Amino acid sequence: MCHKKAESGDQFGKWVLQRELGRGAMGQVFFARDPEGRSSAVKVLVPGLTGNATAVTRFRREIDALGRLDHPNIVRLFDAGEQDHRLYFAMEYVDGPSLADRLDGRRDHTSDAHWHLTA
């Protein structure tokens with residue numbers, strides 16, 4: 001079992017992690033590149049969950065679900081695997097603001113609309 005968090009410079013499969021894009025309870029997401037220079041977003045299961053059967057099952061389900069989806073508005077799954085007892089998957093990278101940034105930008109407008117509708 002690996003207890004080290006993923007960090008820039010680590011390699012998962014053919015993907016070399018460049019910089020962290022975000023993290024949550026189950027994983028860290030990194031911008032990464034393969035040897036041909038193709039970019040992707042790589043999600044790595046956090047080390048504290050590698051021995052948790054429920055978390056591993058959920059992570060594998062996420063991989064399976066993403067692999068079955070095919071729609072122009074959903075990122076594509078490129079690769080998935082296990083490196084040093086750590087599950088990961090690589091998906092299409094979409095450059096732009098995060099969902100949190102987009103929602104922060106809308107909060108002022110949403111509250112204004114709320115006041116107009118309720119007044």
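Of all residues in the range 1-19, those satisfying the criterion of being aliphatic (A, V, I, L, M) and in a strand (DSSP E or B) are V16, L17.
Against the definition (of a type outside the set (V, I, T) and more than 22 Å from A6 (Cα to Cα)), how does G67 come out, yes or no? Against the criterion (of a type outside the set (V, I, T) and more than 22 Å from A6 (Cα to Cα)), G67 qualifies.
Would you mind finding the one in E62, E92 that is over 23 Å from K5 (Cβ atoms) and either in contact (Cβ under 8 Å) with a residue 60 or more places away in the chain or surrounded by 13 or more Cβ atoms within 10 Å (Cβ to Cβ) (or both)?
E92
Scan the range 20-46 for residues that are over 12 Å from the mean Cα position of the chain (by Cα) and either closer than 13 Å to F89 by Cβ or not in a loop (DSSP other than H, G, I, E, B) (or both) and the total you get is 2. Scanning the range 47-64 turns up no residue that is within 27 Å of P97 (Cβ to Cβ), β-branched (V, I, T) and in a strand (DSSP E or B).
Conditions (1) farther than 25 Å from G9 by Cα; (2) in a loop (DSSP other than H, G, I, E, B); (3) not aromatic (F, W, Y), marked per residue:
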| site | (1), (2), (3) |
| --- | --- |
| L66 | yes, no, yes |
| A80 | no, no, yes |
| Y88 | no, no, no |
| Y93 | no, yes, no |
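In the set (1) farther than 12 Å from A6 by Cβ; (2) modelled with pLDDT under 95, the condition left unmet by Q83 is number (1).
The values are calculated or read from the model by the stated rules, or taken from the named source; none is laboratory data. Note that the coordinates shown come from a computational prediction; the quantities given were computed from them, not determined experimentally. Quick reminder, even Gly has a Cβ in these numbers, built from the backbone with ideal geometry, and neighbours come from all protein chains shown.
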